[in-house]
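In what follows, a structure is listed as structure tokens, so that the remarks can point back to it.
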Amino acid sequence: MVKFARPTGFQRELRKAVDEYFSATGLPRRDVPAMYLKSAVILCWCALSYWLLVFVVTEWYQAVPLCLSLAFGLAGIGFNIQHDGNHDAYSNSPFINSLMGSTLDLVGGSSYLWRIKHNVIHHTYTNIVGVDTDIDLEPLAHLTDGPPPRRIHRLQFLYLWFFYGFLAVKWHWFDDFRDLLRRRMGVSSFARPKRWETVRLFSGKIVLFCLMFVIPLTQHSFGTVIVFYIITTFVLGLLLSVVFQLAHCVEETSFKNAENRMGDWAIHQVETTTNFARRSRLLTWYFGGLNYQIEHHLFPKICHLHYPALSPLVEQICVKFGVRYSSQETFSAALGSHYRLLRSKALS
């Protein structure tokens, strides 16, 4: 029952500035050629890492770096290709967006359920306690205000980093099936997926099982396959978890209690989100602009390659309207801020 107030002048100024940017530059909001090239690079990166790992290397010291490479490549698909595709930010064509969004199904997640969890729930109700399921880590950890409900949470700033590594495995083989059976995420229910979406979900799980277990078992022993599956998915889960947490679960962002009437939606997005490492071209390229999380939450249907150019415009308007615009200078600074948040919530 959470509702936001009508848009204010802040939202109108943001839209006007973005419209003027695209009018002045003549650049397309979507269907950016560089995005197609980037996607090809990431997909080739994943394919080459997988081929070498499964069919070429024979020694563990060769396999471990390839596991890391594959994990980083798979995370790159998540940060870039599927993310823009499922936000309809990749192309003006619904078919291309769906195709690119389906890369998530090929690496173990459900694009249908992800769009509900991420696009609808998280992007609408960002950091609202009890509604945004992305910040609900109970009973494993406690991130919101108030004393920790469990004694173990007092050590969360130490142990939670380890559990982040199991995100991918949990997502692959438990979360999607649980949500599909319950048709509920937190307090939010959703419609039963249509036949095509159901086929895509289960087909993706089958493809993942074949890629991770069936095909490797034709070349290697069962123990070897399990060990390197664990290494790959642990690194993948750690990457996905940490990058998300640095945008919403740091000292500079705020958590809001659910109310029947909230303020301006755009101001809420800025206050509950932070950027990091904006000056790093390498991290901006790899993270798919997720280090420009404020711009992403305000304009999720614009290709992320535009975020570095839009960021100064958004920041200027925030200063004009007195809205706090948070940005960590470096990736390490953002990590430190997340650590301090975990510690402060544990000791509150």
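The values are calculated or read from the model by the stated rules, or taken from the named source; none is laboratory data. Quick caveat, the model's predicted, so the values are computed rather than measured. No Cβ is skipped: glycine too gets one built from the backbone with ideal geometry, and neighbour counts run over all protein chains shown.
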What number of residues within region 289-329 satisfy the criterion of being more than 12 Å from residue 274 (Cα to Cα), in a loop (DSSP other than H, G, I, E, B) and free of Cβ contacts under 8 Å to residues at least 60 places away in the same chain?
2
Considering only region 253-278, state which residues are within 19 Å of residue 319 (Cβ to Cβ) and in a loop (DSSP other than H, G, I, E, B).
253, 254, 263, 264, 272, 273, 274, 278
The residue that is surrounded by the most Cβ atoms within 10 Å (Cβ to Cβ), considering only those in region 1-37 that are among the β-branched types (Val, Ile, Thr) and in a helix (DSSP H, G or I), is 18
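For every residue, the table says whether it meets (1) at positive phi; (2) under 15 Å from the mean Cα position of the chain (by Cα); (3) surrounded by fewer than 18 Cβ atoms within 10 Å (Cβ to Cβ).
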residue	(1), (2), (3)
113	no, yes, no
120	no, yes, yes
127	yes, yes, no
137	no, no, no
151	no, no, yes
Is at least one residue of region 208-218 surrounded by fewer than 17 Cβ atoms within 10 Å (Cβ to Cβ), of a type outside the set (A, V, I, L, M), in contact (Cβ under 8 Å) with a residue 40 or more places away in the chain and out of contact with any Lys or Arg (no Cβ under 9 Å at 6 or more places or on another chain)?
no
Options 199, 169: the member that is at pLDDT 90 or above, β-branched (Val, Ile, Thr) and touching a helix residue (DSSP H, G or I) at 6+ places or on another chain (Cβ under 8 Å)
169
Return the residues of region 170-187 that are within 16 Å of residue 201 (Cα to Cα), surrounded by fewer than 17 Cβ atoms within 10 Å (Cβ to Cβ) and either in contact with a strand residue (DSSP E or B) (Cβ under 7 Å, 6 or more places away or on another chain) or among the β-branched types (Val, Ile, Thr) (or both); say none if nothing qualifies.
183
Helices (runs of 4 or more DSSP H) wholly inside region 38-135 containing at least 1 residues that are out of contact with any helix residue (DSSP H, G or I) (no Cβ under 9 Å at 6 or more places or on another chain) and at pLDDT below 95
60-76
Residue by residue through region 139-149, note down the ones that are touching a residue at least 40 places away in the same chain (Cβ under 8 Å) and exposed (fewer than 14 other Cβ atoms within 10 Å of the Cβ).
145, 146, 147
With at pLDDT 90 or above and assigned to a loop (DSSP other than H, G, I, E, B) as the only criterion, which of 250, 227 stands out?
250
Could you tell me how many of the residues in region 12-42 are in contact (Cβ under 8 Å) with a residue 40 or more places away in the chain, within 24 Å of the chain's Cα centre (by Cα) and farther than 21 Å from residue 92 by Cβ?
1
By residue number, the members of region 179-207 that are outside any helix (DSSP H, G or I) and in contact (Cβ under 8 Å) with a residue 12 or more places away in the chain are 185, 186, 187, 188, 190, 193
